[in-house]
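S.K.: Can you keep this structure in mind? I'll have questions shortly.
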Amino acid sequence: MNCRLGCGACCIAPSITTPIPGMPDGKPAGVRCIQLNDGNLCKLFGNSERPAVCGQFAATEDVCGNDNEEALWLINSLELATNS
């Protein structure tokens, strides 16, 4: 599966515990990454400053669903399940 341009769910729903430029302590779940532009595209894509965890994310149907709303729900559910 290819990433849906403009989705941004993977940059909003999960927590990221490693530093992100502009977010030195990472980001909590449900908080929009500071590097996500108005079109929900990563400003660091292809840049060496992009956190490794972001570069390792692979879009799959079971995580991204059929649309952006489902992706947010699925990733949020995974976040809650792994932090309980």
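Read the figures in this text as sums done on the coordinates, not as results from a lab. Note that the structure is a prediction, hence the values are computed from the model and not measured. Here Cβ is always computed from backbone atoms with ideal geometry, including for glycine, and neighbour counts include all displayed protein chains.
S.K.: Could you compute the FRET efficiency for Ser15 and Glu61, with r as their C-beta to C-beta distance and R0 at 22 Å, rounded to 0.05? Numbers along the way, then the final one.
M.R.: Numbers: r = 22 Å, r/R0 = 1.02.
E(calc), rounded to 0.05, equals 0.45.
S.K.: How many nm separate the modelled label positions at Leu80 and Asp25, each set 7 Å beyond the Cα in the direction of the Cβ?
M.R.: Placing both labels 7 Å along Cα→Cβ, they lie 2.4 nm apart.
S.K.: Distance between Cα centroids, region 16-33 to region 59-82: provide it in whole Å.
M.R.: Distance between centres, Cα-based: 19 Å.
S.K.: Any cysteines in the chain with zero other Cys Cβ atoms under 4.7 Å from their Cβ? List them, or say none.
M.R.: Cysteines lacking a close Cβ partner in the chain: Cys3, Cys7, Cys10, Cys42, Cys54, Cys64.
S.K.: Could you grab the relative contact order for the chain? Cα pairs under 8 Å, six or more apart, rounded to a whole percent.
M.R.: On the way: 106 pairs, mean separation 28.6, N = 84.
The value is 34 percent.
S.K.: Additional query: So how compact is the chain: Cα radius of gyration and Dmax in angstrom?
M.R.: Here Rg and the maximum Cα pair distance are 12.0, 33 Å.
S.K.: With no solvent and one equal point scatterer per Cα, compute the Debye intensity ratio I(q)/I(0) for region 15-60 at 0.21, 0.30, 0.32 Å⁻¹ and report its log10, rounded to two decimals.
M.R.: -0.71, -1.38, -1.44
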